[in-house]
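The values are calculated or read from the model by the stated rules, or taken from the named source; none is laboratory data. Everything numeric here is computed off the predicted structure, so don't read it as measured data. No Cβ is skipped: glycine too gets one built from the backbone with ideal geometry, and neighbour counts run over all protein chains shown. Quick note on the areas: whole protein, heavy atoms, side chains included, nothing else; ligands and nucleic acids left out. Shrake-Rupley method; radii C 1.70, N 1.55, O 1.52, S 1.80 Å.
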Amino acid sequence: MARLVCDLGKLEANARALVSLAGERGIEVYGVTKAVHGEPLAAGAMVKGGVAGLADSRLPNLKRLRDAGYGAEARVPLMLLRLPDPNEAEAVVRLADISLNAEVDTVRALGRAAEAAGRVHLVILMVDVGDLREGVWPDKVVEVAALMDNTPGVRLHGIGTNLTCYGGVIPTWENLGLLAALRRQVEERLGRPLAVVSGGNSSAINLLRVGGVPAGINQLRLGESILLGRETVARQPIPETHQDVFTLYAPIIEIDEKPSVPVGTTAEDAFGHEPVFVDRGWRKRVLVALGRQDTGDGVITPVLPGARVLGASSDHTIVDVTEVEPAARDGMRVGAELAFHVNYGALLALITSPYVEKVWDRR
Ligand SMILES: *Cc1c(COP(=O)(O)O)cnc(C)c1O
């Protein structure tokens, strides 16, 4: 069975490095656990690394975190990232201390549920500064903020934005400056300061490193940068972080030498694409017991220098090892494992695949 191993020590070190980088600019970090299925051991490593709270897009993941003892009472507030479904208001206020919101009616449902439960739910109003996923348009922010803040059972905790997710818009001095300016307008309208301006995700790391995040932004919600040690604009490694927190090990089930171009008349592959092949002669190949059912449309990259993934079907991945140093190649055996680095898409899929064993290594 394939295994995905997480080095919790490296995860903690990544969290610490990013908390320190953000902290120098007066910015707190929420650790985002959605790509690790809200795994409490991963969350624990982030908390040890100094994150101010934990955030996830799914309620079942927040439940795992709450059942593990996290939450505002334990000084590790839990935040729901995806806009709540108003039908789940009761669960949202029970499982999340804070939620990101854009709909006044949903916030009213959260308020009723919070009142019924005898608590106050914290709301961050999301502003769409151009990426075109969630959030109200900037010209409506002050009015919507006032409506949300007047809702019994909730308190407007702050405003926030999300970038580089749908539209691919990168954070800049200008678009985050707009958010900072809106903070002042909302505070003027409410007659009190907002606790939080949540300026985005791992795509803000480059801007953060050059001091380009405007004053007034005091929170980032970081997932990929902590988990994989990369910013998400150019996917470059972040200095002083580990890129190998996760390693995937897949069993080798065939080792052979075959041509690089299929023999016979070809049609579509298993996924409806017409594959293109370049004739590179006969190749030494390894077949591993893992496929697109496990990795989705993510990318896995062999750790071994010279090895290259040729392609994958649902249950098989084919690796070209022709360019691998002969000593390393000769050591390969059917039944042994081949190691891979994973990208974010692969991590997300592997974590939720029931066919992949997850190992949380506390070494
Ligand atoms: C997923 C998500 C994040 C974290 O994004 P990364 O790129 O993994 O840092 C932050 N905020 C929201 C709203 C999200 O959905």
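What number, rounded to the nearest 500 deg cm²/dmol, is the helix-based mean residue ellipticity at 222 nm of the chain, given -39500 (n - 2.57) per DSSP H run of at least four residues and division by all its residues?
Dividing the helical sum by the residues of the chain leaves -8500 deg cm²/dmol.
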Signed unit charges on C-beta, dipole axis of segment 28-163, positive-most listed residue 46, 145, 91 | 46
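Of all the accessible heavy-atom surface of the chain, with the other protein chains kept in place and a 1.4 Å probe, what percent is carbon and sulfur?
51
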Pairwise FRET efficiency - residue 75 versus residue 146, Cβ, R0 = 22 Å, nearest 0.05 | 0.15
Dipole in debye (nearest 20) - segment 26-160, about Cα centre, beta carbon charges: Lys, Arg +1; Asp, Glu -1 | 460
How big is the gap, in Å, between the Cα center of segment 129-148 and the Cα center of segment 100-116?
-> 16
Relative contact order of the chain, pairs being alpha-carbon contacts under 8 Å that are 6 or more residues apart, as % = 18
Distance between segment 267-295 and segment 1-51 - C-alpha centres, whole angstrom = 34
Scattering profile of segment 128-247 at q = 0.12, 0.18, 0.22 Å⁻¹ [log10 I(q)/I(0), Debye over alpha-carbon scatterers] = -0.47, -0.92, -1.21
Reachable aspartates and glutamates from residue 140, Cα under 13 Å, same-chain residues fewer than 8 places away excluded?
-> 103, 128
To the nearest 20 debye, what is the magnitude of the charge dipole of segment 207-363 about its Cα centre, counting +1 on the Cβ of each Lys and Arg and -1 on the Cβ of each Asp and Glu?
-> 460
Hey, what's the Cα Rg ratio for the chain versus the globular rule of thumb, 2.2 N^0.38 Å?
-> 1.12
What ranking do 248-257, 142-151 get when scored by the average of other Cβ atoms within 10 Å per residue, highest first?
-> 142-151, 248-257
Residue-normalised value, i.e. accessible area per residue, for the chain at 1.4 Å probe, in Å², stands at 46
Once the in-chain neighbours fewer than 8 apart are removed, the lysines whose Cα is under 22 Å from residue 284 read 258
Contour minus end-to-end for residue 137 and residue 155, with contour as 0.36 nm per residue of separation and end-to-end as the Cα-Cα distance?
-> 4.4 nm
Considering only DSSP beta bridges where both residues belong to the chain, give the percentage that are antiparallel (nearest 5).
-> 45
